[in-house]
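Nothing in this text is a laboratory measurement; each read-out follows from the coordinates by a stated rule. The shown structure was predicted, so the numbers you read here are calculated from the model rather than taken from an experiment. Because the Cβ atoms are built from the backbone with ideal geometry, glycine has one as well, and the counts that use them run over all protein chains shown.
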Amino acid sequence: MTALILDAGALIAIERDDPVVYKKIQNALRAGRPVRTNPNVVAQLWRNGARQARLAKALRMVEVVPITREDGYRAGVLLGATRTKNVVDATVALLAQADDEVSTSDPGDLKALCAATGFKAVVIRC
């Protein structure tokens with residue numbers, strides 16, 4: 001089953017009360033699709049849980065996949081191969097497998113990074 005992978009832009013959209021991304025998460029979960037992100041994405045967004053109720057609610061529905069030392073090496077290789085610089089984007093690309101959907105507000109670098117993993121993930125603008 002294909003997963004829905006969320007980058008920071010997708011979660012920012014939820015925090016800004018964008019119903020499209022929230023609905024996309026709900027639809028994926030209803031269809032039995034996993035919804036994933038990683039701790040780097042959470043760190044980009046999390047500032048004060050008392051004022052981030054929408055984000056907190058969304059994150060309860062999302063699997064936050066840990067990052068390992070090996071992931072750090074792989075992310076660095078991806079950045080070198082694609083000549084991109086965003087470490088968080090590289091770790092998001094590592095979550096995607098074949099046919100997974102990566103939801104992002106900035107698909108440019110993520111398309112290159114996902115392609116460099118060797119998997120054919122679908123990168124979509126949220």
Open item on the list: Quick check: net charge around Phe119, other residues with Cβ under 10 Å of its Cβ, Lys/Arg +1 and Asp/Glu -1?
Closed with: -1
TODO: Can you tell me the dipole magnitude for the chain around its Cα centre, using point charges on the Cβ only (Lys, Arg +1; Asp, Glu -1), in Debye to the nearest 20?
DONE: 280 debye
- [ ] Post the alpha-carbon centroid distance, the range 4-35 to the range 73-124, in whole angstrom.
- [x] 18 Å
Open item on the list: Placing +1 on the Cβ of each Lys and Arg and -1 on the Cβ of each Asp and Glu in the chain, which of Asn40, Leu94, Tyr22 has its Cα farthest towards the positive end of the resulting dipole?
Closed with: Tyr22
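Please grab the % of Cα pairs in the chain that end up more than 26 Å from each other.
Percentage above 26 Å: 15.
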TODO: Convert each backbone phi in the range 97-105 into a coupling constant with the Karplus relation 6.51 cos²θ - 1.76 cosθ + 1.60 (shift: θ = phi - 60°), then list the ³J(HN,Hα) values in order as whole Hz, x for Gly and Pro.
DONE: 10, 4, 6, 5, 10, 9, 9, 8, 8
- [ ] Using the number of other C-beta atoms within 10 angstrom as an exposure proxy, rank Lys120, Lys24, Lys111, Lys85 with the fewest first.
- [x] Lys85, Lys120, Lys111, Lys24
TODO: Could you name the aspartates and glutamates whose alpha carbon sits less than 13 Å from that of Lys24, not counting residues in the same chain fewer than 8 places away?
DONE: Glu101
- [ ] Would you mind getting the Kirkwood hydrodynamic radius of the range 1-41 from its Cα pairs, rounded to one decimal in Å?
- [x] 10.5 Å
Task: ³J(HN,Hα) computed for each position of the range 40-48 - Karplus, 6.51 cos²θ - 1.76 cosθ + 1.60, integer Hz, glycine/proline x - done: 5, 5, 4, 4, 5, 10, 6, 10, 7
